[in-house]
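The values are calculated or read from the model by the stated rules, or taken from the named source; none is laboratory data. This is a predicted model, so every value here is computed, not measured. In this analysis, Cβ positions are derived from the backbone assuming ideal geometry, glycine residues included, and neighbour counts consider all displayed protein chains. Just so you know, the surface numbers come from the protein's heavy atoms only, side chains and all, with ligands and any DNA or RNA stripped out. Shrake-Rupley method; radii C 1.70, N 1.55, O 1.52, S 1.80 Å.
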Amino acid sequence: MHEIAVNEDILAGNDAAARHNREHFIEHGVYVVNLMSAPGAGKTTLLERTLERMAGKHRVGVIEGDVATSADAERIRRLGVPAIQINTGGECHLDARQIHRELAAIQLEELDLLVIENVGNLVCPAEFDLGEHDKVMVLSTTEGDDKPRKYPVMFHVARALLLNKMDLLPHVDFDVAKAEREARALNLDLEIFRVSGRTGAGMDAWVTWLEERMRRVKAAAT
Amino acid sequence: MHEVALARELLSLIREAGRAHAAARVTRARVEIGQLSCASPDALRFAFEALRVGTLADGCELVVERTPLRASCTSCGEALVADAKDPACPRCGRAPLEVLAGRELRLVSIEVEDG
């Protein structure tokens, strides 16, 4: 009986696939966002409002991840935006290999932005790199301002946070300053946007930020 | 419950390392999980015990060590070990903290019986 040193990341296989995806994205100058939140935070609605603002200006594609159904991809297609649905069949997150399998069906050279909407879950998706440029998370005011403390990993890995359902603030006990302070506790550079998918409030600042990120990725590729 | 996916990856790393050393059996695996990881050691162990059956790692004991969340305070510069659920500097009480380590999910070593 003897001990053998291994020292390998458990997610090495996923990370290799993510690196491969990232190379494709960078090569084609496509800015890729991994959109994450708990179920019901409003990811798909915010995505719809975002796509409406980009219509005619940018070429966008969407990958929808859900445990089951293609309802979300159908919502996106109604806006004239190409969408692929991945059903994980029980898995609580998307991984880089799943994304890689779908890339064959996507003409990356025809896109400026690819949004991957992850499975609704505040825990598991945080652990899996998909090869995206930025992780963006959505927290809605109806979920409670204690979420950054309860789910620190998700708030740590996010590049930007959309604080959604701001229109409901008068009806819920949600301390915006506390949520923002605690969301930044392990993430100094977190960009925070206060938005409402229902009223459209705050969406312009978010879309401007996205466009600036897209411009940088495009410039680096050419 | 992404621990099933993690356990699957872990098992394949263990089997690969075991085979590379022509092991008859892998009896123990040491794993590090950082405090700033969302993997639960109990759930990982549970999934691993279900998946290891009939493989080179059948009966393999999983030894999990939680590695600390190391950070430095962006206000006072203090190097510290933080609690992910209540991240604040023990010296000045402030945050944000800059995370230096704590996201590990690593297979450190295996113990094998020679074939």
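Tabulated data for the structure shown
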| item | result |
| --- | --- |
| Simple spin-label estimate for B:R91 and A:A219 in nanometres, 7 Å along Cα-Cβ | 3.8 nm |
| Amide H contacts under 5 Å for A:I86, placed H, 5+ residues apart | A:E64, A:G65, A:D66 |
| Where the stretch A:2-221 is the region considered: accessible area per residue in Å², 1.4 Å probe | 41 Å² |
| J(HN,Hα) series, the stretch A:121-130, from Karplus relation 6.51 cos²θ - 1.76 cosθ + 1.60, nearest Hz, glycine and proline x | 4, 8, 10, 5, x, 4, 7, 10, 6, 9 |
| Residues of the stretch A:104-120 with amide N under 17 Å of the 7 Å Cα→Cβ point at A:R59 | A:104-115 |
| Charge-dipole axis of chain A as Lys and Arg at +1 and Asp and Glu at -1 on Cβ define it, positive-most pick from A:S196, A:S37, A:N7 | A:S196 |
| Karplus 3J(HN,Hα) series, Hz, for the stretch A:190-205 with 6.51 cos²θ - 1.76 cosθ + 1.60 (x for Gly, Pro) | 4, 8, 10, 10, 8, 9, 9, x, 7, 9, x, 4, x, 5, 5, 5 |
| Choice from A:I106, A:I86, A:I63 with maximal GNM fluctuation in chain A (Cα, 10 Å cutoff) | A:I106 |
| Average Cα contact separation per residue, chain A, under 8 Å, 6 or more apart, as relative contact order % | 26 percent |
| Pairwise FRET efficiency - A:V67 versus A:R97, Cβ, R0 = 25 Å, nearest 0.05 | 0.90 |
| Under the Karplus curve 6.51 cos²θ - 1.76 cosθ + 1.60, θ = phi - 60°, whole-Hz ³J(HN,Hα) for the stretch A:209-217, x wherever Gly or Pro sits | 4, 4, 5, 5, 5, 4, 4, 5, 5 |
| Gain in span if fully extended, A:E52 to A:L108, counting 0.36 nm per residue against the direct Cα distance | 18.1 nm |
| Cβ-Cβ FRET estimate between A:T45 and B:H21, R0 fixed at 56 Å, reported to 0.05 | 0.60 |
| Buried accessible area, chains B and A (both chains, 1.4 Å probe, Å² to nearest 100) | 3200 Å² |
| Förster radius 30 Å - calculated FRET efficiency between A:R19 and A:K178, Cβ distance, rounded to 0.05 | 0.20 |
| A:T88-A:H171 pseudo-label distance in nm [points 7 Å out on the Cα-to-Cβ vector] | 3.0 nm |
| Percent accessible area from carbon and sulfur atoms, the stretch A:57-167, protein chains only, probe 1.4 Å | 48 percent |
| Calculated [θ] (222 nm, deg cm²/dmol) that DSSP helices of n ≥ 4 give over the protein assembly as shown, each run adding -39,500 (n - 2.57) | -10000 deg cm²/dmol |
| Gaussian network model of chain A, springs between alpha carbon atoms under 10 Å - residue of A:V157, A:V138, A:V30 with greatest fluctuation | A:V157 |
| Candidates B:L36, B:L56, B:L13: whichever shows maximal mean-square fluctuation once chain B is modelled as a Gaussian network with Cα springs under 10 Å | B:L13 |
| Amide proton proximity set for A:L186, modelled H, under 5 Å, gap of 5+ | B:L97 |
| Part-to-part distance (alpha-carbon centres) for the stretch B:29-101 and the stretch A:12-82, which is given in Å | 30 Å |
| The stretch A:18-172: translational diffusion in µm²/s, Stokes-Einstein, Kirkwood Rh over Cα pairs, 25 °C, 0.890 mPa s | 156 µm²/s |
| Where labels lie 7 Å past Cα in the beta-carbon direction, separation of B:T55 and B:D83 in nm | 3.6 nm |
| Cβ neighbours within 10 Å from other chains - mean over A:143-153 | 3 |
| A:I192 long-range amide H proximity, modeled H, under 5 Å | A:L161 |
